[in-house]
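Asks: Have a look at this one.
The values are calculated or read from the model by the stated rules, or taken from the named source; none is laboratory data. All values reported here derive from a predicted model rather than from experimental measurement. Every residue, glycine among them, receives a Cβ derived from its backbone with ideal geometry; neighbour counts consider all protein chains shown. SASA here: full protein model, heavy atoms, side chains in, ligands and nucleic acids out. Shrake-Rupley method; radii C 1.70, N 1.55, O 1.52, S 1.80 Å.
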Amino acid sequence: MKIIIIGCGKVGLTLAELLSAEKHDVVLIDESSQKLSSIPEELDALRILGNGASVNIQQEAGVEEADLLIAVTGSDELNLLCCLIAKKAGNCHTIARVRNPIYNKEIGFIKEKLGISMIINPELTAATEISRLLRFPSALQIEPFARGRVELVGLKVPENSVLDGMPLWALYKEFQVKILICVVQREDEVIIPSGDFVLHSGDRIHITAEHIEIERFFRVLGLFRNRARSVMILSLIHI
């Protein structure tokens with residue numbers, strides 16, 4: 001794929017490194033010659049000095065042949081404008097970083113009217129992930145699906161757990177919870193279990209279900225009472 005990245009900050013440079021490592025054709029655009037000159041020489045990417053919202057600059061970067069344009073400058077409005085111009089000058093998918101929470105309720109309108117494929121808010125994503133982890137501190141991993149309606153939760157079966165020695169078919173009979181254990185990791189072995197599979201302490205199980213069902217499951221296991229009750233937030237301000 002040919003991918004244009006506008007903005008050579010930490011996010012833009014990291015994206016370029018990852019995409020270049022995957023053998024994509026990457027083009028970097030930034031107005032700062034200092035940022036462009038600080039890019040490691042080993043990074044296989046074309047560097048273009050200029051305003052990413054300029055049609056001429058985007059055409060120089062090859063927007064007509066690009067598959068994807070990602071705008072991650074420090075300005076939300078500039079990122080949106082870059083994506084809008086890319087849709088008009090080419091026919092590629094576009095991704096804009098938009099941090100201002102004012103736009104959160106307008107994302108659907110912005111995507112539809114401007115034709116932007118995706119809008120990402122790193123701060124909101126991080127806050128949502130922290131909140132999700134705080135709900136289930138005992139979980140090893142939590143991943144949302146179906147726009148957050150379903151979650152995939154990783155959990156290690158503790159010692160002396162009621163799950164130790166229990167076959168999967170007995171879970172609903174014992175707890176009346178609608179969950180699916182889709183993957184079990186036992187030592188170095190990864191298992192797709194059947195209904196006759198028997199759990200043991202130390203197993204790492206991956207559960208998928210609606211949030212309320214996972215919460216009920218944690219409660220019957222006696223794990224939900226270990227939820228976080230106090231949180232300290234440290235904010236670093238650069239002056």
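Asks: Being of a type in the set (A, V, I, L, M), buried (at least 21 other Cβ atoms within 10 Å of the Cβ) and in contact (Cβ under 8 Å) with a residue 60 or more places away in the chain is the filter here, so list the residues in region 59-97 that pass it.
Replies: Answer for region 59-97, where residues must be of a type in the set (A, V, I, L, M), buried (at least 21 other Cβ atoms within 10 Å of the Cβ) and in contact (Cβ under 8 Å) with a residue 60 or more places away in the chain: ALA66, LEU69, ILE70, ALA71, VAL72, ALA86.
Asks: Does GLU189 fit the bill of being of a type outside the set (Ser, Thr, Tyr) and either touching a residue at least 12 places away in the same chain (Cβ under 8 Å) or touching a Gly at 6+ places or on another chain (Cβ under 6 Å) (or both)?
Replies: So GLU189 does not fit the description; no.
Asks: Looking only at region 26-48, count every residue that is modelled with pLDDT of 95 or more and over 19 Å from VAL11 (Cβ atoms) and tell me the total.
Replies: 0
Asks: Could you go through region 35-44 and let me know if any residue there is small (Gly, Ala, Ser) and either open to solvent by less than 40 Å² (accessible area, probe 1.4 Å) or within 19 Å of LEU78 (Cβ to Cβ) (or both).
Replies: No.
This table checks each residue for (1) touching a helix residue (DSSP H, G or I) at 6+ places or on another chain (Cβ under 8 Å); (2) farther than 21 Å from THR125 by Cα; (3) at pLDDT below 85.
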{"site": "PHE175", "(1), (2), (3)": "yes, yes, no"}
{"site": "ARG186", "(1), (2), (3)": "no, yes, no"}
{"site": "ILE192", "(1), (2), (3)": "no, yes, no"}
{"site": "ARG216", "(1), (2), (3)": "yes, yes, yes"}
{"site": "SER235", "(1), (2), (3)": "no, no, yes"}
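Asks: Criterion first (at pLDDT below 85 and over 28 Å from ASP67 (Cα atoms)) does ARG149 satisfy it?
Replies: Spelling it out, ARG149 is indeed at pLDDT below 85 and over 28 Å from ASP67 (Cα atoms).
Asks: Does SER161 satisfy being in contact with a Ser or Thr (Cβ under 7 Å, 6 or more places away or on another chain), part of a loop (DSSP other than H, G, I, E, B), at pLDDT 70 or above and open to solvent by less than 30 Å² (accessible area, probe 1.4 Å)?
Replies: Taking the combined requirement at face value, the residue satisfies it.
Asks: Also, quick follow-up: Please work out if ASN56 is in a helix (DSSP H, G or I) and in contact (Cβ under 8 Å) with a residue 60 or more places away in the chain.
Replies: So ASN56 does not fit the description; no.
Asks: Filter region 165-200 down to the residues that are of a type outside the set (Ser, Thr, Tyr), outside any strand (DSSP E or B) and closer than 15 Å to PHE218 by Cα and list them by number.
Replies: LEU171, GLU174, PHE175, GLN176, VAL177, LYS178, ILE179
Asks: Confirm whether ILE6 is touching a Cys at 6+ places or on another chain (Cβ under 8 Å) and either β-branched (Val, Ile, Thr) or farther than 23 Å from TYR103 by Cβ (or both).
Replies: Considered against the rule, which asks whether it is touching a Cys at 6+ places or on another chain (Cβ under 8 Å) and either β-branched (Val, Ile, Thr) or farther than 23 Å from TYR103 by Cβ (or both), ILE6 comes out as yes.
Asks: I'm trying to understand the selection: among the residues of region 15-55, which are of a type in the set (Lys, Arg) and touching a helix residue (DSSP H, G or I) at 6+ places or on another chain (Cβ under 9 Å)?
Replies: LYS35, ARG47
Asks: Consider region 166-186. How many of its residues are open to solvent by 30 Å² or more (accessible area, probe 1.4 Å) and out of contact with any Asp or Glu (no Cβ under 9 Å at 6 or more places or on another chain)?
Replies: The number of residues fulfilling the criteria is 7.
For every residue, the table says whether it meets (1) assigned to a helix (DSSP H, G or I); (2) at pLDDT 70 or above; (3) more than 16 Å from ASP76 (Cα to Cα).
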residue	(1), (2), (3)
ILE107	yes, yes, no
LYS113	yes, yes, yes
ALA126	yes, yes, yes
LEU134	yes, no, yes
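Asks: Turning to a different aspect of this structure: May I ask you to list the residues in region 93-105 that are assigned to a strand (DSSP E or B) and of a type in the set (Lys, Arg)?
Replies: ARG97
Let's see how each residue does on (1) at pLDDT below 95; (2) of a type in the set (Val, Ile, Thr); (3) assigned to a loop (DSSP other than H, G, I, E, B):
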site: GLY52; (1), (2), (3): yes, no, yes
site: GLU65; (1), (2), (3): yes, no, yes
site: THR73; (1), (2), (3): yes, yes, yes
site: LEU80; (1), (2), (3): yes, no, no
site: CYS83; (1), (2), (3): yes, no, no
site: ALA86; (1), (2), (3): yes, no, no
site: ASN91; (1), (2), (3): yes, no, yes
